[in-house]
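Every read-out reported here was derived from the displayed coordinates using simple, explicitly stated rules and does not represent laboratory data. Everything numeric in this text was worked out from a predicted model, so none of it was measured. Here the Cβ is made from the backbone with ideal geometry for all residues, glycine too, and neighbour counts use every protein chain on show.
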Amino acid sequence: MGEERRCCGYTHERHCRDRRLRWRRRGVGPVNSETGQGIKEYRCRVGHRYSPETYAAAEKETQERTLWAAVVALEEGAEVSRELATKQSESAAKRRYEEEAEDQVQTAAKIRELIAALTKAQADRNRETKPNSGA
């Protein structure tokens, strides 16, 4: 097998996938859209090419992964804040850390709700577009 090429410390595939979040409109960012011979595709700077469907699926995956990373970071932050609260002798500092932990937990819960809503909406759309196999 050939040696895996890397840029920015990532494999090229991961580099392209992770950088897609920065792509906002045609011609801006590391992924550009092109239309050739009536076929639209997305191409990264490295040269990987994606169909619109593949690109959309990768975007959804990246969005969900990013939201889950936020949940984890907030919940871990809440644990640290709770631990710091237990080590405070001053009541104002203790209360501040406890409130910070509660804010982080509530924000993580809201993001979990958002993920659940997005996942349910996607599943509903998939069911609507899937042909009836039992009819």
(request) Fewest Cβ neighbours within 10 Å first, please rank Thr35, Thr119 accordingly. (result) Thr35, Thr119
(message) Filter Lys40/Lys130; Lys40/Lys110; Lys94/Lys120 down to the pairs with a C-alpha to C-alpha distance above 32 Å, please.
(response) Lys40/Lys110; Lys94/Lys120
(message) Given axes a ≥ b ≥ c from the Cα gyration tensor, I'd like to know whether the range 44-135 is rounded (a/c under 1.5), prolate (a/b larger than b/c) or oblate.
(response) oblate
(message) I want the local charge near Val71. Using Cβ-Cβ distances under 12 Å, sum +1 for each Lys or Arg and -1 for each Asp or Glu among the other residues.
(response) -1
